[in-house]
Structures are given as C-alpha cells and as structure tokens.
Amino acid sequence: MQIEVTTLSEVTIDGKLSLGRKASSKGLFDFYGDDLREWFHRQRAQHDAIMVGAQTVRNDDPELTVRYTEGKNPLRIVTASEGPATLKRTPVE
C-alpha cells in the first residue's frame, strides 16, 4: 500500500501562518476568488482525510467539508498536544 500526503497551507505575504496567536484566520478566505475557493474544495473532495491542529479548531471551528464542488467529505483529523479540541460542527452528508 502506498500512502500519499498533500500539504496545503495559507501563508501571508510576510511568511506568517496565522493572523496572530489565538486569532481566527477565517477572514483570509474573504480574499479568495470563487475559482480558488472551488479549487481548495476540489482538493478536499479528492482526499480521504483533512488534518488541522487543535488551535485551528478552537479559533475557527472549521467545517472541513466539501461545499463549493461535488464530492464526499473527507475524514476530519485534529492533532492536539495540549488538551482536547472538539469539532462543534457536524458535516452534512
């Protein structure tokens, strides 16, 4: 069995991965055009799982679902080194 991993990350022009400690990055998606938003969701639809860190879950409560294209929702994986992080949203199948 061969395992394939794809890494996607949004990075600001000054090289930062977030807008600050404990700050939500959801506002960054407002800058994306429809074509880029659809591309991200096609990537989600083509993969078995999507993984985010616990702080992303705590700050953003992300859906991590496929919404802007057709396809199945990926398995949602949350990594945490300090305490639990619970996804509050339940994906609609």
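The values are calculated or read from the model by the stated rules, or taken from the named source; none is laboratory data. Since this is a predicted model, take the numbers as computed values, not measurements. Here the Cβ positions follow ideal geometry from the backbone for every residue, glycine too, while neighbour counts run over all protein chains shown. Quick note on the areas: whole protein, heavy atoms, side chains included, nothing else; ligands and nucleic acids left out. Shrake-Rupley method; radii C 1.70, N 1.55, O 1.52, S 1.80 Å.
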Where Rh is the Kirkwood radius over Cα pairs, Rg/Rh for segment 1-55: 1.00
Per residue, in Å², the accessible surface of segment 33-93 once ligands and nucleic acids are set aside, probe 1.4 Å: 68
Relative packing of peptides 30-38, 5-13 - highest average C-beta neighbours within 10 Å first: 30-38, 5-13
Dipole of the chain, positive end: most advanced residue of Trp39, Gly71, Ser24 [Cβ charges, Cα centre]: Ser24
For the chain, convex hull of alpha carbons as volume per residue, Å³: 132
Accessible surface of the chain, 1.4 Å probe, proportion on carbon and sulfur as whole %: 52
